[in-house]
Amino acid sequence: MEAIGHKLFQLGDPEGKGFIVRRDMQKLKDELSMTPEQLEIVFDTLDVEQKGYLTLCQFLEKFKDTAPMNFRNNRWKEHQMFKCSYTEDIQTLLQTIKDTNMIKLSIGHLENICKAASQTEPDSAVSVGRVEAFLRALNMDLIKIVERDRELEEMLQSREIQHQNNMQKLFEELESHFREEQEKTKLEDQRKFRSELTALENELADKEERFRAAVSTRQEFAGQLVAAQQRELAVMAENAKLIETRERLLNDLDAERTKTCRLEEIIERTNAESAADNEKHFKQGFYVAKNLVSLKEEGALEL
């Protein structure tokens, strides 16, 4: 029974929304071989809380507690008004009552009573009349019951229309609320996206600026490095020139030292010769002076 209930619920809820409403019951018309009116009554029978919808759990719970749905069309169809006259016999009244299909359990007993009454003696016409009167009264009661059933069905239909209108209004309100929430969510997502995009753009611009500054600094450092290398080459060339000049000066200095040594030797030799000449000249002058003094003393020299 539960598997059948699952299958019927899936037929009524092919969208998978998780519940069925009154109009969804009409989708079970072919499966249950029932008229729309019968399906309306089945829905009202299952919807004991009168919520206007049935979930799977409610449907299965009520479906298990409900008798098998093998309904006869005569129970749900529009009943005719019974117009019985006092000329009708008992069999006609009995058949009319049976056609109402309202007293299933007691119809057999009633048939036995009518059969017994029709088989009585002619002098028991009073008993037959009483049975006929009973049948007429019972027929009138059944007519009232049918009328009440019709009124109840009309009331149910009216309530169903009102319920459908309320459900439609509720669905529209829910849809409108959903659209509003969706629009709010969309706007919020767009705002967040724009904010994040702006932040990313600013971050990207900052990174690009820092990258350009780094490239500029690198180029500046490269220029300074090239200039330093050029200065280093110039210094190295100048150092080479200085070294060459130093070597030349050292050579010149050695040559000058050699010349100086030779000059010193010549000077020493010259000084020695000069000293020897001076001493010789001094001795000669002393000798001359001595001779002069001797001549003066002798008076042989005249001034």
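The values are calculated or read from the model by the stated rules, or taken from the named source; none is laboratory data. Just so you know, these numbers come straight off a predicted model, no measurement behind them. When we count neighbours, we look across all protein chains shown, and the Cβ atoms used for this are built from the backbone with ideal geometry, even at glycine. Side chains included, ligands, DNA and RNA excluded: accessible areas come from the protein's heavy atoms. Shrake-Rupley method; radii C 1.70, N 1.55, O 1.52, S 1.80 Å.
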Between THR198 and GLU264, what is 0.36 nm times their sequence separation minus the Cα-Cα distance? Round to one decimal in nm.
14.3 nm
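In Å², what does the accessible area per residue of region 165-253 work out to with a 1.4 Å probe? Working shown, then result.
Working: 8060 Å² over 89 residues.
Normalised by residue count, the accessible surface of region 165-253 is 91 Å².
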Once the other residues with Cβ under 13 Å from the Cβ of ALA289 are scored (Lys, Arg +1; Asp, Glu -1), what is the net sum?
+2
Ordered by residue, what ³J(HN,Hα) values in Hz, to whole numbers, does region 205-222 give under the Karplus form 6.51 cos²θ - 1.76 cosθ + 1.60, where θ = phi - 60° and Gly and Pro are x?
4, 5, 5, 5, 5, 5, 5, 4, 5, 5, 5, 5, 4, 5, 4, 5, 4, 4
Modelled FRET efficiency - R0 30 Å, LEU250 with GLN224, Cβ distances, 0.05 increments
0.20
Using DSSP to define loop residues, name the trypsin sites (Lys or Arg not before Pro) in region 1-30 whose beta-carbon has at most 12 other beta-carbon atoms within 10 Å.
LYS17
With x for Gly and Pro, the residue-by-residue ³J(HN,Hα) of region 171-183, computed from phi through the Karplus equation 6.51 cos²θ - 1.76 cosθ + 1.60 at θ = phi - 60° and given in whole Hz, is 4, 5, 5, 5, 5, 5, 4, 4, 5, 4, 5, 5, 5
